[in-house]
Amino acid sequence: MKISVIIPTYQSGRFLEEALVSIQNQSRLPDELVISDDGSTDNTHNIVERFAQSVTFPVFFLNHKPSGITDNYLHALEQATGDVVIVGDHDDVWLKHRIQSIEEFFNQSPEVVVVSCDSAVVDAELLSLGKTVRSGVKKSTRLSKRINEGDDFLLFLRGRLPLLAHSLAFRSILKETLLKHPKHIPAWYFEEWVSCVGVCNGKLGFIRDALTLYRQHNTQTTKASRGVTGDDMAVATSKYSSRIEKMEYCKSLISFHKEIAGSTQRMVNYKRNMLEDYIIFLKLRDGFKGGSKVKSIYLAFKMLLTRKYHYFAQGCISFGLDIGIIFSSASKVRI
């Protein structure tokens with residue numbers, strides 16, 4: 001199995017060297033490292049050049065005009081040639097067995113096309129903040145069981161797959177589709193895009209162990225001031241129009257792949273049908289904000305009795321929130 005590591009950089013001189021050294025110290029080295037730089041003006045390039053001279057695996061540095069974080073990931077992916085691509089951040093530190101653990105997981109789970117893992121949250125000086133991104137071992141273990149042994153596609157529709165870019169790894173069979181990232185759909189960030197493509201084409205996997213030190217500092221793009229949970233993802237998907245547009249596009253992503261273990265026409269049909277039902281569910285809920293109260297209440301109770309709220313949201317909690325929206329005509333919805 002050839003393994004590529006991709007890292008997007010931008011003004012990364014402060015932390016990049018530590019990140020690169022942690023890759024150099026892996027128990028299983030990568031077969032190549034691709035770094036895509038979004039127009040840095042600091043010493044990022046010099047750090048990469050020095051590092052490339054000190055390691056036995058090839059290091060490729062791509063420097064281009066600023067294009068945004070998602071395109072920066074995709075620039076790196078375009079040059080990656082591995083069977084598996086592991087994503088890293090310029091400011092994080094990898095624990096020694098990260099690559100080895102991911103490789104073993106893929107070898108043991110041929111049906112899995114995208115893998116995520118937990119991360120230990122640390123401060124700018126790598127001192128532990130006493131928590132993980134998944135809010136601890138118990139929750140991480142529970143999440144791994146739900147994803148690895150349960151219906152990951154249904155979890156995806158419910159918004160219960162809080163995947164962060166720095167934790168991802170995926171098979172190169174997804175590369176061609178991933179590079180076709182739809183520019184016309186706003187705010188479809190890299191981590192969400194990868195999870196959508198992965199779950200529509202195969203199965204997702206989750207490693208419960210923290211394999212990365214996820215550094216928190218005042219210049220990073222995303223933070224983990226608290227554990228990421230399903231509730232957080234629910235809030236993030238509360239803009240129905242955006243969510244519906246993305247789910248409509250996902251219809252074109254679902255397809256049968258004979259190269260992926262477990263991919264069958266039956267599974268393809270299941271995902272398409274579930275996606276259609278979910279889109280209808282979202283459109284109905286979106287209509288509660290300004291529609292007829294009588295009709296909205298009728299539809300809400302109908303979806304409760306047919307367990308749509310339980311399949312696609314948080315059950316009676318979401319139903320109660322919708323009833324409140326219907327009577328108050330509030331515009332802000334939490335799903």
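The values are calculated or read from the model by the stated rules, or taken from the named source; none is laboratory data. All figures in this text were calculated on a predicted structure; none of them were measured in a lab. For neighbour counting, all protein chains shown are included, and Cβ atoms are generated from backbone atoms with ideal geometry for every residue, glycine included.
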Discussion item. I'd like to check something: does the stretch 5-20 contain any residue that is in a loop (DSSP other than H, G, I, E, B), of a type in the set (Phe, Trp, Tyr) and assigned by TED's automatic domain parsing to the domain that holds Ile185?
Written reply: yes
Worksheet entry | Candidate set: the stretch 217-248, residues that are modelled with pLDDT of 90 or more and either in a loop (DSSP other than H, G, I, E, B) or aliphatic (A, V, I, L, M) (or both); chosen: the one surrounded by the fewest Cβ atoms within 10 Å (Cβ to Cβ) | Ile244
Practice prompt. Could you check how many residues of the stretch 143-161 are out of contact with any strand residue (DSSP E or B) (no Cβ under 9 Å at 6 or more places or on another chain) and of a type outside the set (Gly, Ala, Ser)?
Written response: 6
Item to complete: Tell me the helices (runs of 4 or more DSSP H) entirely within the stretch 39-132 that contain at least 1 residues that are touching a residue at least 40 places away in the same chain (Cβ under 8 Å) and surrounded by fewer than 20 Cβ atoms within 10 Å (Cβ to Cβ).
Response: 69-79, 98-108
Worksheet entry | Verdict on Lys271 being more than 30 Å from Gly205 (Cβ to Cβ) and within 25 Å of the chain's Cα centre (by Cα) | no
Worksheet item: Within the stretch 162-216, how many residues are of a type in the set (Asp, Glu) and assigned to a strand (DSSP E or B)?
Response: 1
Item to complete: State which residue is surrounded by the fewest Cβ atoms within 10 Å (Cβ to Cβ) when the search covers only the stretch 11-29 and only residues that are modelled with pLDDT of 95 or more and small (Gly, Ala, Ser).
Response: Ser27
Worksheet item: Can you spot a residue in the stretch 287-294 that is aromatic (Phe, Trp, Tyr), modelled with pLDDT under 90, closer than 26 Å to Cys316 by Cα and over 22 Å from the mean Cα position of the chain (by Cα)?
Response: yes
Worksheet item: Pairs under 7 Å by beta carbon, first residue in a helix (DSSP H, G or I) in the stretch 294-318, partner buried (at least 18 other Cβ atoms within 10 Å of the Cβ) and among the acidic types (Asp, Glu), six or more apart or different chains?
Response: Ala300/Asp322
